[in-house]
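A quick write-up on the structure given underneath.
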Amino acid sequence: MLERINSPADLNGLTYTELERLAAEIRAELVKRVSLNGGHLASNLGVVELTIALHRILNSPEDKIVWDVGHQSYVHKLLTGRREEFANLRQHGGLSGFPDRLESPYDAFGAGHASTSISAALGIALARDLAGKRYHVAAVIGDGAFGGGMAFEAVNHAGHVGARLMVILNDNGMSISPSVGAVSGLLNRVRLDSRYEQAKDEAKRTLSRLPLGESAWALSKRIKVRLKKALVPGAFWEEMGFIYLGPVDGHNIKELEAALSRARDHETRPTLIHVLTRKGKGYAPAEADATKFHGVSPHKPRSNAAPSYSEIFGRTAVRLMRENSKVVAITAAMEDATGLGDAAREFPERVFDVGICEQHAVTMAAGLATQGFVPIVAIYSTFLQRAYDQIIHDVCLQNLPVVFALDRAGIVGDDGKTHQGAFDVSYLSSIPNMIVAAPKDEDELQHLLATAVAAGGPMAIRYPRGNGLGVPLRDPRLIPIGKAEVLRHGSDVAILALGSTVYPALEAAERLAVEGVQCTVVNARFAKPLDEDVILGLAERTRRLVTVEENVLAGGFGSAVLQTLKTAGMTSTSVDCIGMPDRFVEHGPQEMFRSLFHLDAEGIARRVKTAFPELARRSPINHKVVK
């Protein structure tokens with residue numbers, strides 16, 4: 001059946017029996033492809049019937065479907081002319097794992113972060129009305145993303161302007177971790193409570209025995225309103241200006257089409273369709289553990305037995321929480337993904353999952369800090385961008401001791417443009433009072449986390465996605481803030497490396513030594529404050545510096561080094577800055593991009609020779625080593 005679907009129009013002639021077969025084939029294709037390529041599995045398995053129904057009721061791409069976050073858009077890609085390319089999902093040069101307007105006209109809006117769909121869909125609907133057009137607009141948002149403040153801002157405005165808009169609430173009780181918060185609790189109650197439908201059926205039977213007329217009609221309306229107010233969240237949405245439909249079985253295509261058709265045909269107000277789905281539907285392992293199967297890595301031999309940076313962070317957080325009862329931890333719907341699962345189990349009253357609400361997480365941390373606690377806010381680098389004003393206004397302006405643990409900093413890889421942690425050094429280093437650090441390995445991560453907890457002010461630690469290097473782990477100790485570490489001495493050029501680039505810089509120095517170029521290698525540790533004594537001393541001795549970082553060059557570590565030299569009047573020092581380019585980096589293997597951007601050992605060595613050709617022309621025996 002799937003091979004017959006080359007566009008959504010091919011769905012229209014199928015019977016419901018054929019659609020059920022198609023749904024089964026789509027699930028088999030999802031399991032096969034995600035097992036090979038990695039990606040988001042459970043979320044896509046849960047929206048198969050919903051996606052089929054949407055494309056049968058709407059005329060995409062003329063009608064616009066906006067997917068929140070977008071990690072549930074694989075089924076949409078399969079049905080919109082990208083089936084033959086699906087084998088290259090999340091591969092460099094292949095399909096993105098998220099909606100991408102540059103990839104297909106069926107992708108009405110790009111996504112990768114949560115809670116954006118209703119705002120974007122409202123903007124599209126308003127543009128349609130201003131242009132005098134008639135197409136339909138639908139936003140598909142999960143119950144986890146619905147807890148984000150931006151979603152409520154959009155609902156508030158959409159209800160106010162009365163836009164003709166469909167909002168499909170995909171309610172599966174999950175985001176990445178189980179959904180939390182009052183909204184989730186409200187939806188759980190209606191998900192599990194059958195009283196409304198039972199009462200509505202009873203009301204229909206009663207009314208059918210009453211004489212026809214205005215009195216019966218008025219009574220039916222009063223009964224319906226009172227039942228909804230008493231038992232379901234529909235009253236809330238209707239007070240917000242929406243028409244509420246549901247709950248609807250999200251795995252029954254016929255029921256879905258009926259609800260979507262009603263919503264499509266409403267002309268005067270936005271409509272919310274409450275759809276109940278099961279994350280991981282149709283694949284027993286994913287149904288049993290939707291958190292584990294939310295994001296799946298490709299099946300391949302594990303070449304590095306070292307624990308991941310996330311694991312080391314989590315272990316260290318537990319240790320620090322045992323030692324200091326004032327240390328607490330906060331995560332935004334990613335308790336296990338950030339490594340805080342063990343801490344939450346041991347200290348359930350001191351680990352707070354706020355849902356997909358990064359802004360709230362940061363300001364709540366600031367509130368805790370005013371009362372003598374030391375909050376560790378564990379958020380991916382790319383997601384912390386969403387709380388930039390809160391970092392400035394609520395934390396740094398008041399110089400509060402909040403620790404930011406930035407997982408997935410630098411090149412993330414297969415998740416692509418929306419997830420690369422390319423900007424945190426730049427956007428954090430510009431803020432007064434903020435300390436920004438990056439460990440060279442997993443052992444140093446422990447020490448920097450202990451240092452941050454003891455710092456007495458805001459401090460951010462960025463660390464990469466993936467496994468550590470397998471170095472021995474020592475007891476956490478404090479590192480002097482702003483103090484770099486000189487790992488190798490050489491007289492020709494100094495390589496100042498930050499975080500994950502330190503070991504490649506050391507290897508580059510070994511390669512260059514064979515060619516007669518002697519390099520000093522510095523583990524900068526801190527992007528802010530810089531170790532100015534080390535930097536200026538090396539600039540004076542070598543007159544040649546190279547900076548290396550997994551961050552964009554604009555406003556990054558290298559920029560700070562250049563500013564330091566300029567301030568000190570040492571503008572005659574030659575400096576070459578290596579980092580990520582001034583563009584959004586697509587999806588692909590981490591090591592491929594590190595090679596492409598000269599962030600691996602070979603690339604660093606090549607850049608040193610290119611930047612300072614006079615060194616490359618020297619004989620290996622005519623050099624001086626500084627001890």
Original post:
Expressed as an acute angle from 0 to 90° and rounded to the nearest 10, what is the orientation of the C-alpha long axis of helix 502-514 relative to the principal long axis of the chain?
Top reply: 40 degrees
**OP:** Compute the Cα gyration tensor for region 518-580, then decide on rounded, prolate or oblate, letting a ≥ b ≥ c be the square roots of its eigenvalues: rounded whenever a/c is under 1.5, prolate when a/b is larger than b/c in the other cases, and oblate in all that remain.
**Re:** rounded
Subject >> Paramagnetic reach from R583 (point 7 Å along Cα→Cβ, amide N under 18 Å) across region 532-562 >> reply: 551-554
Original post:
Between region 58-119 and region 425-471, what is the C-alpha centre distance in whole Å?
Top reply: 34 Å
Original post:
So what does log10 I(q)/I(0) come out to for the chain at q = 0.07, 0.11 Å⁻¹, using the Debye formula with one equal point on every Cα and no solvent?
Top reply: -0.51, -1.08
Original post:
Using alpha carbons only, how many degrees (0 to 90, rounded to 10) separate the axis of helix 214-231 from the longest principal axis of the chain?
Top reply: 30 degrees
Original post:
If you take the charge dipole of the chain about its Cα centre, with +1 on Lys and Arg Cβ and -1 on Asp and Glu Cβ, which of G339, T564, V75 is farthest toward its positive end?
Top reply: V75
Original post:
How much net charge surrounds V362 when only the other residues with a Cβ under 15 Å from the Cβ of V362 are counted, with Lys and Arg +1 and Asp and Glu -1?
Top reply: -4
**OP:** Would you mind working out the magnitude of the charge dipole of region 49-141 relative to its Cα centre, with +1 at each Lys and Arg C-beta and -1 at each Asp and Glu C-beta, to the nearest 20 Debye?
**Re:** 120 debye
Subject >> Most to least packed among 261-269, 15-23, 331-339 [average Cβ atoms within 10 Å] >> reply: 331-339, 15-23, 261-269
Original post:
Could you give me the ³J(HN,Hα) list for region 408-424, computed from phi with Karplus coefficients 6.51, -1.76, 1.60 and θ = phi - 60°, whole Hz, x at Gly and Pro?
Top reply: 6, 7, x, 6, 8, x, 5, 6, x, 4, 7, 10, 4, x, 8, 10, 5
**OP:** Among G97, G413, H251, pick out the residue whose Cα is farthest towards the positive end of the charge dipole of the chain, where Lys and Arg carry +1 and Asp and Glu carry -1 on C-beta, about the Cα centre.
**Re:** H251
Subject >> Calculated from backbone phi, Karplus (6.51, -1.76, 1.60) coupling profile of region 475-490 in Hz, x at Gly/Pro >> reply: 5, x, 9, 7, 10, x, 5, x, 9, 7, 10, 7, 9, 8, 10, x
Original post:
If you put +1 on each Lys and Arg Cβ and -1 on each Asp and Glu Cβ, how big is the dipole of region 382-424 around its Cα centre, in Debye rounded to 20?
Top reply: 40 debye
Subject >> Using alpha-carbon coordinates, inclination of helix 309-323 to the longest axis of the chain, degrees >> reply: 90 degrees
Subject >> Sum of -39500 (n - 2.57) over DSSP H runs of 4+, divided by residues of the chain (222 nm, nearest 500) >> reply: -12000 deg cm²/dmol
Subject >> Under 11 Å, Cβ to Cβ, from F383 - net charge with Lys/Arg +1 and Asp/Glu -1 >> reply: -1
Subject >> Amide H within-cut-off set for T520, under 5 Å, with H built and near neighbours excluded >> reply: G490, D492, V493, A494, I495
Subject >> Sequence-distant aspartates and glutamates (8 or more away, or on other chains) whose Cα lies within less than 18 Å of K566 >> reply: D531, E532, D533, E540, D576
Original post:
Where both residues lie in the chain, what percent of DSSP beta bridges are antiparallel, nearest 5?
Top reply: 15 percent
**OP:** Using the Karplus curve 6.51 cos²θ - 1.76 cosθ + 1.60 with θ = phi - 60°, work out ³J(HN,Hα) for each residue of region 139-149 in order, rounded to whole Hz, and write x for Gly and Pro.
**Re:** 10, 10, 10, x, 5, x, 5, 5, x, x, x
**OP:** Kindly identify region 500-604 as rounded, prolate or oblate by the Cα gyration tensor criterion: order the square roots of the eigenvalues as a ≥ b ≥ c, call it rounded if a/c is under 1.5, otherwise compare a/b with b/c, prolate if a/b is larger, else oblate.
**Re:** oblate
**OP:** Would you mind working out the magnitude of the charge dipole of the chain relative to its Cα centre, with +1 at each Lys and Arg C-beta and -1 at each Asp and Glu C-beta, to the nearest 20 Debye?
**Re:** 460 debye
Original post:
If the limit is 19 Å between Cα atoms, which of K440/K609; K440/K483; K64/K133; K326/K440; K64/K279; K417/K609 go over it?
Top reply: K440/K609; K326/K440; K64/K279; K417/K609
Original post:
Between region 307-383 and region 121-170, what is the C-alpha centre distance in whole Å?
Top reply: 33 Å
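Each reported figure results from applying straightforward, stated rules to the coordinates on display, with no laboratory input. Since the structure is predicted, the reported quantities are computational estimates derived from the model, not experimental observations. Backbone-built Cβ (ideal geometry, glycine too); neighbour counts: all protein chains shown.
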